[in-house]
Amino acid sequence: MSQATPEITPLEERLIDLIKLKGPITIADYMTDALTHPHEGYYMQASPIGAEGDFTTAPEISQVFGELIGLWLVEAWQAMGSPAAFNLIELGPGRGVLMEDILRAARLRPGFAKAAQVWLLETSGRLRLEQQKRLKPTEVKPLWADDFADIPPAPSLIVANEFFDCLPVRQFERIKSGWRERLVGLDEKTGRLGFTLGKTPPPPNYDIPLLDESEEGDIFEISFETRKFAGDICKTLIDQGGHALIIDYGHMERGLGDTLQAVKDHKYWPPLASPGRADLTAHVDFESLADAAIEAGAAVHGPVTQGRFLDRLGLALRVEALCKNQPPEKADAIRSGAARIASPGAMGEIFKVMCLSSPNLPVPAGFES
Ligand code: SAH
């Protein structure tokens, strides 16, 4: 992390003016602006993903990731009775690499792509252009949506890789006498953005841990956006049939801790230092996500670790098939990419996979107990 004070970004200037006028804002509001502000939001600016960007993701590391998910989707579609028309929805498709790999693997069953209306939920105009270019040679004609509610109801297969970690969280800090919301205000010394605490306790329906289950200084995170999103997705799944495969880094069980983090140029960055110029995420609370889905009436499978899920889907066999007849350097690169996405020391354990499903469908592959 750089020791020098980072340059003030145009979005930080705007936020400082806003806070001077109206007082501190929630961390959720800060995240929303930092990531998706129509002009200054991080995802509206440069190309964030891949070696040239700020962070990389599993589909960018290994084609095997998307191919195995493509085969998973074909199997899930067949288990739904191979509907002649369904929505294949990706939430936050980045550069479109995952969807490209999914469609290549799914060619195994040509009926799949013919039946699929591909929907891409994407906030960034730049990334939409990249997705359009990348998917142009494929057999599908994707449509784009700003909101999940804009996608017409149909049986649905939904995929979200590193999407839920972008959804805003609110944070509460345990003080001596109770809990207070952690807010973004102004640092007294520098006048730049800084953390501060709200003055009133949170409402009782926020599932905040009891005082004797926590200590002074503990942080509790909650994402109302995630719960709402999960509820909306499950309503579609229950009414129309289908599955939502959610892959992200996060924890299986609700807990305490500050997981807000920024990444810039593949390095951690102070979360308030460069709004709009650094990626900003929080770990996904899979227990909360599951609770919201169960409350909506959906079935929940997993979470299982990404490594386990990929192994169960046949990662080793797929890797060896790809390595066949390749020169040794190419085969090594394929193997090391696969190890990175699946091994416990890399992305295999911290990343989890959960499936939300309409309750009448069989348990999908990878989630068998
Ligand atoms: N799934 C991709 C990219 C992950 S980055 C991959 O695995 O490589 C997060 C993606 O979600 C980006 O495409 C970003 O623009 C999009 N995104 C973030 N917040 C969003 C929101 N609120 N609505 C729609 N898309 C969003």
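The values are calculated or read from the model by the stated rules, or taken from the named source; none is laboratory data. Note that this is a predicted model, so its numbers are computed, not measured. Note: ideal-geometry Cβ built from the backbone for every residue, glycine included; neighbour counts use all protein chains shown. Remember, those area values only see protein heavy atoms, side chains included, never the ligands or the DNA or RNA. Shrake-Rupley method; radii C 1.70, N 1.55, O 1.52, S 1.80 Å.
Out of the range 1-41, which residues are within 17 Å of SER124 (Cβ to Cβ), within 14 Å of the ligand (Cβ to nearest atom) and modelled with pLDDT of 95 or more? Selection gives MET31, THR32, ASP33, ALA34, LEU35. Of all residues in the range 302-323, those satisfying the criterion of being open to solvent by 30 Å² or more (accessible area, probe 1.4 Å) and farther than 18 Å from GLU162 by Cα are ASP311, ARG312, LEU313, ALA316, LEU317, ARG318, GLU320, ALA321, LEU322.
Every condition in (1) among the small types (Gly, Ala, Ser); (2) open to solvent by less than 50 Å² (accessible area, probe 1.4 Å); (3) away from the ligand (no atom under 14 Å from the Cβ) holds for GLY50 except the one numbered (3). Within the range 324-334, the set of residues being of a type outside the set (Gly, Ala, Ser) and surrounded by fewer than 17 Cβ atoms within 10 Å (Cβ to Cβ) comprises LYS324, ASN325, GLN326, PRO327, PRO328, GLU329, LYS330, ASP332. May I ask you to verify whether THR123 is within 16 Å of the ligand (Cβ to nearest atom), open to solvent by 20 Å² or more (accessible area, probe 1.4 Å), within 24 Å of PHE224 (Cβ to Cβ) and of a type in the set (S, T, N, Q)? So THR123 passes the test.
In the set (1) closer than 23 Å to PHE229 by Cα; (2) assigned to a helix (DSSP H, G or I); (3) open to solvent by less than 20 Å² (accessible area, probe 1.4 Å), ALA113 fails one condition alone, (1).
Restricting attention to the range 282-301, the residues that are within 16 Å of the ligand (Cβ to nearest atom) and open to solvent by 10 Å² or more (accessible area, probe 1.4 Å) add up to 1.
When you check VAL184 against the structure, is it closer than 20 Å to GLY41 by Cβ and open to solvent by less than 20 Å² (accessible area, probe 1.4 Å), yes or no? Yes: the conditions hold for VAL184. When restricted to residues that are open to solvent by 10 Å² or more (accessible area, probe 1.4 Å), within 14 Å of the ligand (Cβ to nearest atom) and assigned to a helix (DSSP H, G or I), the range 53-100 contains 6. When the range 128-153 is filtered for residues that are of a type in the set (Gly, Ala, Ser) and open to solvent by less than 20 Å² (accessible area, probe 1.4 Å), only ALA145 remains. The residue that is nearest to the ligand (Cβ to nearest atom), counting only those in the range 127-161 that are touching a residue at least 60 places away in the same chain (Cβ under 8 Å) and among the β-branched types (Val, Ile, Thr), is VAL159.
Among the criteria (1) in contact (Cβ under 8 Å) with a residue 24 or more places away in the chain; (2) under 30 Å from ASP29 (Cβ atoms); (3) open to solvent by 50 Å² or more (accessible area, probe 1.4 Å), the one PHE164 does not fulfil is (3). Pairs linking a residue in the range 18-39 that is among the aromatic types (Phe, Trp, Tyr) to a residue that is at pLDDT 95 or above, with Cβ atoms under 6 Å and 6 or more positions apart or on different chains, are TYR30/VAL184.
Of all residues in the range 38-52, which are touching a His at 6+ places or on another chain (Cβ under 9 Å) and in a helix (DSSP H, G or I)? MET44, the sole residue that qualifies.
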